[in-house]
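The values are calculated or read from the model by the stated rules, or taken from the named source; none is laboratory data. None of these values were measured; they are calculated from a predicted model. Positions of Cβ are backbone-derived with ideal geometry, glycine not excepted, and every protein chain shown enters the neighbour counts.
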Amino acid sequence: MPTSKKFMYLNRRAPYGTIYAWESLEVVLIGAAFDQEVSLMFADDGVYQLVKGSDPSEAEMKNFLATYRTLGDYGVRHMFVHQASLEARGLTQADLIEVAWEDLDTEQEVDNIVEVVDTDQAACLIAESEVVFSF
Amino acid sequence: MSIVVNGKTLETDEEGYLADISDWEPSVAETMAQQDDLELTSEHWDIINFLREYYEEYQIAPAVRVLTKAVGKKIGKDKGNSKYLYGLFPYGPGKQACRYAGLPKPTGCV
């Protein structure tokens, strides 16, 4: 019987100033092959990673905003966004992309796995994760 | 490394993946397949076209697990398994089909 663990990827940096956001995304994509229970958390400048319509072409970076939308296909069940970080940057959930999730075996569907959580919830979600990767 | 398609020399990486996805045209896939002694059928093209659409939408090549599931959903339930995909692309659907489709080598387990 394979055992699965709760994995949390914590993203705290802006998407295009450093390589952290893309590296985190790549680790999530690779880790998806191992059938774990995977959640992502976006806090601090990390919330900018999910802002709709961002375009890094002038910075000559690959635009990977679209790649987040396939994470549901890679077994990611939750993408949490820290509310106070959003508010501090003048953003709301309406500014963020939506990511759908579907289980093809059971045909269970979730329209949007991006969920805004308050500080207490965020702390609890991180605390109850068995493995936390911080980027 | 490079590949010559219709008289044009296109740059590839050391594993034969196109350096620039915008160089791709259908005859790239046909030329690569010829070099592998493989004749492309409409079943191959279903997968190649699917990969190109997926890449355009998500900016990555899908992991083979994701490819298998998506093929089952979009092309036919009987085709969403690795036996079918390996039958078409004996060098591995992730690697070989992505190469024919002009995509970069997929991330992760292929």
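Restrict the check to segment A:66-78 and report whether at least one residue is at pLDDT below 95, under 19 Å from A:Pro15 (Cβ atoms) and of a type in the set (Lys, Arg).
Within segment A:66-78 (the criterion being at pLDDT below 95, under 19 Å from A:Pro15 (Cβ atoms) and of a type in the set (Lys, Arg)), the answer is yes, since at least one residue qualifies.
Out of (1) within 26 Å of B:Glu53 (Cα to Cα); (2) within 13 Å of the chain's Cα centre (by Cα); (3) part of a helix (DSSP H, G or I), what's the single condition that is false for A:His78?
(3)
In the set A:Ala123, A:Ala84, which member is over 24 Å from A:Val27 (Cβ atoms) and among the hydrophobic types (A, V, I, L, M, F, W, C)? Break it down stepwise before answering.
Working: A:Ala123 fails: over 24 Å from A:Val27 (Cβ atoms).
Selected residue: A:Ala84, the only one of A:Ala123, A:Ala84 that is over 24 Å from A:Val27 (Cβ atoms) and among the hydrophobic types (A, V, I, L, M, F, W, C).
Residue by residue through segment A:24-58, note down the ones that are assigned to a helix (DSSP H, G or I), within 13 Å of chain B (Cβ to nearest Cβ) and either more than 20 Å from A:Val114 (Cβ to Cβ) or of a type in the set (Phe, Trp, Tyr) (or both).
A:Ile30, A:Ala33, A:Phe34, A:Ser57
Quick check on my filter: what residues within segment B:11-25 are more than 18 Å from B:Gly94 (Cα to Cα), surrounded by 11 or more Cβ atoms within 10 Å (Cβ to Cβ) and out of contact with any strand residue (DSSP E or B) (no Cβ under 6 Å at 6 or more places or on another chain)?
Let us first name the residues in segment B:11-25 that are more than 18 Å from B:Gly94 (Cα to Cα), namely B:11, B:20, B:22-23, B:25.
Among the residues that remain, those that are also surrounded by 11 or more Cβ atoms within 10 Å (Cβ to Cβ) are: B:11, B:23, B:25.
B:Glu25 - this is the single residue of segment B:11-25 that is more than 18 Å from B:Gly94 (Cα to Cα), surrounded by 11 or more Cβ atoms within 10 Å (Cβ to Cβ) and out of contact with any strand residue (DSSP E or B) (no Cβ under 6 Å at 6 or more places or on another chain).
Taking the options B:Ile48, B:Ile60, name whichever one is more than 22 Å from A:Asn63 (Cα to Cα) and not small (Gly, Ala, Ser).
After ruling out the rest, the residue left standing is B:Ile48.
Filter segment A:11-23 for residues that are more than 16 Å from A:Ala66 (Cβ to Cβ) and out of contact with any helix residue (DSSP H, G or I) (no Cβ under 7 Å at 6 or more places or on another chain); which is nearest to the other protein chains (Cβ to nearest Cβ)?
Per the stated criteria, the residue is A:Glu23.
Among the residues that make up segment A:114-134, is at least one of them of a type in the set (Ser, Thr, Tyr), under 30 Å from B:Thr68 (Cα atoms) and modelled with pLDDT under 90?
no
Within segment B:83-110, can you find the residues that are modelled with pLDDT under 90, more than 10 Å from chain A (Cβ to nearest Cβ), surrounded by fewer than 23 Cβ atoms within 10 Å (Cβ to Cβ) and in contact with a helix residue (DSSP H, G or I) (Cβ under 6 Å, 6 or more places away or on another chain)?
Passing the criteria: none in range.
Can you tell which of A:Asp73, A:Asp105 is within 12 Å of chain B (Cβ to nearest Cβ) and in a helix (DSSP H, G or I)?
Working: A:Asp105 fails: in a helix (DSSP H, G or I).
Going through A:Asp73, A:Asp105 in turn, just one is within 12 Å of chain B (Cβ to nearest Cβ) and in a helix (DSSP H, G or I): A:Asp73.
Across segment A:3-24, which residue is farthest from the chain's Cα centre (by Cα) among those that are under 20 Å from A:Ala122 (Cα atoms) and among the polar types (S, T, N, Q)?
Among them, the one singled out is A:Ser24.
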